[in-house]
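The values are calculated or read from the model by the stated rules, or taken from the named source; none is laboratory data. It should be emphasised that the depicted structure is a prediction, and the values quoted were computed from it without experimental measurement. Note: ideal-geometry Cβ built from the backbone for every residue, glycine included; neighbour counts use all protein chains shown. Heads up: the accessible areas ignore ligands, DNA and RNA and are worked out on the full protein's heavy atoms, side chains in. Shrake-Rupley method; radii C 1.70, N 1.55, O 1.52, S 1.80 Å.
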Amino acid sequence: PLAAATELLAAPRVTPVPGAPAAICGVVNVRGTIVDVVRLSTLLSLTPGRSRPSERRVVLCEVAGEVFGLEVETVRGIEPILPDQISEPSEAAPAGVRDFLAGMARCGKERRESVPVLDVTKIPDARQFSSVRGARPAAP
């Protein structure tokens, strides 16, 4: 849900952490708080795009009091999507992606573009994602 997204960081400096899980690309300092950053393409087993680091963004999210960042390659816009505008996830989506989807929604000026809607509440429970600071054990 968009309500879980709290802030958009433009090309922050992500500090790698040796030995971190593969989906954790590092940490960022957000006003004195160290926040894990999840590389969304790795978590979803997608081939990374070709964006330059200066084009990448980190979407800060808060789920059940846990703050984490999602590194995304681009942000094309932010649109309000009501729950009744979300349809079932596409069967065409790979299983690893489908596990993290709330569904699909129509976006754009005339609502012609079908886009996946990520359910960020599922991310802290992902097996590939455990805090690099050791605050949360990996899911069984």
Which order do you get for ASP99, ASP84, ASP119, ASP36 if you rank them by accessible area with a 1.4 Å probe, largest at the top? ASP84, ASP99, ASP119, ASP36
Applying a 10 Å radius around every beta-carbon, put 14-20, 77-83 in order of their mean neighbour count, most first. 14-20, 77-83
Residues ARG31 and ILE78, FRET efficiency given R0 of 25 Å [Cβ-Cβ distance, rounded to 0.05]: 0.70
Where a label projected 7 Å from the Cα of THR6 along Cα→Cβ would reach, residues of the range 46-84 with amide N under 17 Å: 58-71
Restrict the search to the range 53-110; then list the trypsin sites (Lys or Arg not before Pro) that DSSP places in a loop and that have at most 11 other Cβ atoms within 10 Å of their Cβ. ARG76, LYS109
Stretched fully, the stretch from ARG50 through VAL115 gains (0.36 nm per residue minus C-alpha distance, one decimal, in nm) 21.4 nm
So if each residue of separation counts as 0.36 nm, and I subtract the Cα-Cα distance between SER90 and ALA64, what length gain in nm does that give? 6.6 nm
